[in-house]
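Structure record follows, encoded as structure tokens.
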Amino acid sequence: MLKKGVAEFIGTFVLVLFGTGTIVLGGGIQGIGILGIALAFGLSLVAMAYSIGTISGCHINPAVSIAMFVNKRINASELLCYLVAQVLGAFLGTAILVAFLKLSNMSIDNLGQNGFEKLGYSGAFLVEAVLTFVFILVIMVVTGKNGNASLAGLVIGLTLVLVHLFGIPLTGSSVNPARSLAPAIFAGGKAVSQLWIYIVAPILGGIIAALVGKFVFNTEK
């Protein structure tokens, strides 16, 4: 259990540091661009999938862990361990990013926090729920009893790139409560007031994906 927790901690730390760090240091959408940001998150996930995947399954996302729990791939104690490790890893990733920015005398106004303007709360909720549903459905199928384990990490990473390409202009594309929580808490303000969407919507989308995977695509043993 401890090894799994450490793996999830490190994996989420890497995802948040390199993903949000690319947003900040790469100049955001106007700098490195949507494709660059999407690749940063996707490649981080691929790297972790093929390193810590054999230890913890490389969830590095509370919505994924909850979906796995719904389909009984992990038990309650494992779920709690995963969630705590993921949140702590995300906070460390953001804290390290803040430290790097301060050491470089750079602004810490932008920490890669998610946000939305034109969509409104209902629109943002729908976007995050749908994107997470697609992302986690792919995870459940490709890691299910009929999936291809050798290609799972690559497929999942590329799917994360895909949902980010679509979602970044709309909501900043979270599909991961831990990824949104840490930058929002550090940034404060509007990011905190909008945070509930980035927690509730991905979890709901993930639960639906788990059930569709189980009862429609027959993913479970």
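The table below gives the values:
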item: Filter result for the condition that a residue is under 21 Å from residue 133 (Cα atoms) and part of a helix (DSSP H, G or I), over 60, 29, 66, 55; result: 66
item: Test for residue 173: is it buried (at least 19 other Cβ atoms within 10 Å of the Cβ), in contact with a His (Cβ under 6 Å, 6 or more places away or on another chain) and either aliphatic (A, V, I, L, M) or at pLDDT 95 or above (or both); result: yes
item: Residue within segment 25-46 that is under 19 Å from residue 185 (Cα atoms), within 17 Å of the chain's Cα centre (by Cα) and surrounded by fewer than 22 Cβ atoms within 10 Å (Cβ to Cβ) present; result: no
item: Pairs where the first residue, in segment 2-26, is closer than 18 Å to residue 114 by Cβ and the second is in a helix (DSSP H, G or I) and hydroxyl-bearing (Ser, Thr, Tyr), C-beta under 7 Å, 6+ apart; result: 15/44; 16/94; 18/44; 19/44; 20/94
item: Residue satisfying all of: in segment 181-216; in contact with a Gly (Cβ under 8 Å, 6 or more places away or on another chain) and crowded, with 16+ Cβ neighbours inside 10 Å; modelled with the lowest pLDDT among these; result: 191
item: Test for residue 167: is it farther than 21 Å from residue 65 by Cα, assigned to a helix (DSSP H, G or I) and either out of contact with any His (no Cβ under 7 Å at 6 or more places or on another chain) or not aromatic (Phe, Trp, Tyr) (or both); result: yes
item: Some residue of segment 100-114 being of a type outside the set (Ser, Thr, Tyr) and under 24 Å from residue 142 (Cα atoms); result: no
item: The lone exception for residue 105 - which of (1) part of a loop (DSSP other than H, G, I, E, B); (2) in contact with a helix residue (DSSP H, G or I) (Cβ under 8 Å, 6 or more places away or on another chain) it fails; result: (2)
item: Residue in segment 112-125 that is without any contact (Cβ under 8 Å) to a residue 24 or more places away in the chain, assigned to a helix (DSSP H, G or I) and among the aliphatic types (A, V, I, L, M) present; result: no
item: Pair list, Cβ < 6 Å and 6+ apart or interchain, from segment 35-47 residues that are over 15 Å from residue 135 (Cα atoms) and without any contact (Cβ under 8 Å) to a residue 24 or more places away in the chain to residues that are of a type in the set (Phe, Trp, Tyr) and assigned to a helix (DSSP H, G or I); result: 40/18
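Yes/no per residue for (1) acidic (Asp, Glu); (2) in contact (Cβ under 8 Å) with a residue 24 or more places away in the chain; (3) in contact with a helix residue (DSSP H, G or I) (Cβ under 7 Å, 6 or more places away or on another chain):
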| site | (1), (2), (3) |
| --- | --- |
| 151 | no, no, no |
| 158 | no, yes, yes |
| 182 | no, yes, yes |
| 200 | no, yes, no |
| 207 | no, yes, yes |
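The values are calculated or read from the model by the stated rules, or taken from the named source; none is laboratory data. Only a predicted model underlies this, so the values are computations on that prediction, with no experimental measurement involved. Reconstructed Cβ throughout: ideal geometry from the backbone, glycine too, with neighbour counts over all protein chains shown.
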